[in-house]
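Structure first, then comments.
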Amino acid sequence: MGPQANSRDNALAGPHGMAKTARFSSVMRQASFHEPDEGGCVVYLPSRAVSGRDLKQRLDKLLPKTVEYSLHLRRDIYSVRIPQYKEDQVREYIYATHA
């Protein structure tokens, strides 16, 4: 982890970094996963506990740089579509960091 990683972590943390981390962990415990027929994985997350900006920053940090995903908000639920990976792979990336 070089200086770039440290500055990125600090930027994500912000003045309330511990609160954001705890909030994100809480949101991830409420996540539901779905594998659509066309492949990939969709993760559904409640939007009340985390902003779209915070969620995007955290996903950018957790997922490999090569992973493309789309993030949508509808009726208080975020859907994160990750076409390259199946549910078990997505869970591994997300929960390995929050074990």
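Every number in this text was worked out from the coordinates using simple rules, so none of it is lab data. Keep in mind that this is a model prediction, so the values were computed, not measured. Every residue, glycine among them, receives a Cβ derived from its backbone with ideal geometry; neighbour counts consider all protein chains shown.
Points to keep in mind about this one:
- Restricting the stretch 63-93 to GluC sites (Glu not before Pro) that sit in a DSSP loop and have at most 16 other Cβ atoms within 10 Å of their own Cβ leaves Glu68.
- Distance between modelled label sites at Arg75 and Gln89, nm, 7 Å Cα→Cβ extension: 3.0 nm
- Charge tally in the Cβ shell below 9 Å around Glu35, where Lys, Arg are +1 and Asp, Glu are -1, Glu35 excluded: -1
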